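The values are calculated or read from the model by the stated rules, or taken from the named source; none is laboratory data. Bear in mind the structure is a predicted one, so any value in this text is a computation, not a measurement. Quick reminder, even Gly has a Cβ in these numbers, built from the backbone with ideal geometry, and neighbours come from all protein chains shown. Calculation scope for accessible area: heavy atoms of the full protein, side chains included, ligands and nucleic acids excluded. Shrake-Rupley method; radii C 1.70, N 1.55, O 1.52, S 1.80 Å.
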Amino acid sequence: YVFLLSDEDFVNLSELPFLISFLSGKEEFSAVRGSIKPLKSGQTNAVQYPYAKYEAGIEGLTNTAFNFNYISGSIFNRKIIVDKGIYIPLYQNLELQKSYPHFYLLALLALYGSVVTLPEYLIIEGEEEAGIENALFEFKNSIYSYEARLEQHNAMGLIVSEVCKKWTEQASLYLNLCVKTMFLIVKVNGPFYRAQGRDVEVL
């Protein structure tokens, strides 16, 4: 397994024995998502998930890959990544996924195995460095730009068309993806687009 962690966050070491025990013999889990405890009140990425297991395919995509944003607390099954050749489409579409490659990798994993969320706080969210995203937005074609978000959306849309056999399933899953994209554009990155002089409502 590979445990991803954002640079300002901390692994909750007291939960590691539980996590190792939980993952033992669970080769069928393609990914696991742990809860995030805030270091201080009011931090935006803190969340406690229920214990839930989502089956591979549409259920996994809807409830995990098209729902999560934050990188910390993502635990990926490396054996499935290697055995199923998931790294190949990941690398092929990495330029389209430059803003959230872990989001795309989770979507690919959700096609091959069940995804689990855990109520245990595996992550303690630290304080974000001030000004990092503002600095990124000074560069044209930033990884957080509106254009980059649309590229990410288009690459994820290809997964929708591949996994869904019925048009009703495609429509439902694609609508979920659209809501996700709008959330990223308006809620997450909206202040930076406004700073660029863009009309977020029109976007």
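Listed values, structure above:
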| item | result |
| --- | --- |
| Cβ-based net charge around GLY73, under 12 Å, with every Lys or Arg adding one and every Asp or Glu removing one | -2 |
| The chain, helix-only ellipticity at 222 nm - DSSP H runs n ≥ 4, -39,500 (n - 2.57), divided by all residues, nearest 500 | -10500 deg cm²/dmol |
| Over the range 1-119, relative contact order from alpha-carbon pairs under 8 Å, at least 6 apart, % | 45 percent |
| Within the accessible area of the chain (1.4 Å probe), percent carbon and sulfur | 57 percent |
| For the chain: accessible area per residue (Å², 1.4 Å) | 53 Å² |
| Sum of side-chain charges, THR64 neighbourhood, beta-carbon under 12 Å (Lys, Arg +1; Asp, Glu -1) | +1 |
| Most to least packed among 25-31, 165-171 [average Cβ atoms within 10 Å] | 25-31, 165-171 |
| The chain: DSSP helices with Cα axial extent of at least 20 Å and average Kyte-Doolittle hydropathy no lower than 0.0 | 167-182 |
| Burial ranking of peptide ranges 11-22, 67-78, 151-162 (average Cβ count within 10 Å, highest at the top) | 67-78, 151-162, 11-22 |
| Inter-centroid distance (Cα atoms) of the range 160-195 relative to the range 63-105, Å | 17 Å |
| Taking the chain and dividing mean pair separation by its residue count, relative contact order in percent (alpha carbons under 8 Å, at least six apart) | 29 percent |
| Separation in nanometres of the label points that stand 7 Å from Cα toward Cβ, at GLN92 and ASN154 | 1.6 nm |
| Extension gain from ALA52 to SER21, taking 0.36 nm per residue of separation minus the Cα-Cα distance | 9.4 nm |
| Charge context of SER21, other residues only, Cβ under 13 angstrom, K/R +1, D/E -1 | -1 |
| Cα-based shape type of the chain, given that a ≥ b ≥ c are square roots of the gyration tensor eigenvalues and the cut on a/c is 1.5 | oblate |
